[in-house]
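Remarks on the structure that follows.
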Amino acid sequence: MTLTLQVDGAVATLTVDRAEKRNAMTRAMWAAVPGLLAQVESDVWVLLVTGAGPSFCAGADIGELLGGEDPADPMAGLRADNLAAQAALRAFPHPTIAVVRGHCIGGGVELAASCDLRFADDTAVFGVTPARIGVVYPPAPTKALVDLVGPATTKWLLFSGELLDAAAALRVGLVDEVLAPDRLDARAQEFAAVLAGRSALTQRATKEIVTALTSGTDAEPVAARRFRETIASGELAEGVAAFAERRAPRFPWGIPRA
């Protein structure tokens, strides 16, 4: 397998580690993502997703696109594993940050868009290229793009397969911060440390509420349940006490995992 998972305190880092192929994702790599995330979701508070070497991920391994068992739909198995990996990233219960340098193309954009936030350096280039090879882009990653950059830019990307540099990606909302190459990793680690010191219940509630709002479902039950949990767990009391005492709150503790 060419994915690595490292844990450093409250922060896990998932690395696409196939630098000789610009970190192109094989079907086996897509299939491994949900299990790797399940290994750490109860033990860490932030997940970083990055690529080894000078690229983030150049997409799916093109050599596998037509290698499926069904001649009528040879991409069916690959597509299923790809979509399951994206869904697992979106469902990860803690903040996720894509740390992007170099090529972020096709499946790389899918990985990055499935994270909560995206930090890039100024070498990053982004593109979604199904129109170059005649692939129908599935609804789930299409919606992820629409949520990030809006319908018009999503159409521009999918119609053309053209690339955006880091500055353009920042302008359209595809990335959240652009750093100098020598600052990217440090900034990601610094921000991960900030997130690890905040209320995990607030963060989980935020993810669930945003998902409900963007999917058109009722967010009120989620908010009410999570608010009760902040009281029952003691997180709200600790946060208020820390504010009054002008100290950092001692999060996380007593956090329900469900």
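Go through segment 46-58 and report how many residues are over 16 Å from residue 111 (Cβ atoms) and surrounded by fewer than 22 Cβ atoms within 10 Å (Cβ to Cβ).
1
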Would you pick out the residues in segment 133-154 that are more than 16 Å from residue 75 (Cβ to Cβ) and surrounded by fewer than 14 Cβ atoms within 10 Å (Cβ to Cβ)? 150, 151, 152
How many of the residues making up segment 32-69 are assigned to a helix (DSSP H, G or I), within 16 Å of the chain's Cα centre (by Cα) and hydrophobic (A, V, I, L, M, F, W, C)? 6
Anything in segment 21-68 that is closer than 23 Å to residue 11 by Cβ and among the charged types (D, E, K, R)? List them, or say none. 41, 43
Only one of these is of a type in the set (Asp, Glu) and within 27 Å of residue 210 (Cα to Cα): 17, 81, 61. Name it. 81
Residue 24 vs. criteria within 20 Å of residue 164 (Cα to Cα) and among the aliphatic types (A, V, I, L, M): yes
Checked against (1) modelled with pLDDT under 95; (2) in contact with a Lys or Arg (Cβ under 6 Å, 6 or more places away or on another chain), residue 176 satisfies every condition except (1)
Scanning segment 164-188 residue by residue, those surrounded by fewer than 16 Cβ atoms within 10 Å (Cβ to Cβ) and not acidic (Asp, Glu) turn out to be 167, 168, 171, 173, 180, 181, 183, 186
Looking only at residues that are within 26 Å of residue 77 (Cβ to Cβ) and of a type in the set (S, T, N, Q) in segment 99-132, which one is surrounded by the fewest Cβ atoms within 10 Å (Cβ to Cβ)? 129
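Conditions tested, residue by residue: (1) of a type in the set (Gly, Ala, Ser); (2) free of Cβ contacts under 8 Å to residues at least 40 places away in the same chain.
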site	(1), (2)
93	no, no
96	no, no
104	no, no
111	no, no
115	no, no
119	no, no
123	no, no
128	no, yes
131	yes, yes
For residue 250, work out the one condition from (1) without any contact (Cβ under 8 Å) to a residue 40 or more places away in the chain; (2) in a helix (DSSP H, G or I); (3) farther than 28 Å from residue 138 by Cβ it doesn't fulfil. (2)
Within 24 Å of residue 207 (Cα to Cα) and of a type outside the set (Ser, Thr, Tyr), is that true of residue 116? yes
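The values are calculated or read from the model by the stated rules, or taken from the named source; none is laboratory data. Source: prediction; values computed, not measured. Neighbour counts run over all protein chains shown; Cβ positions are idealised from the backbone, glycine included.
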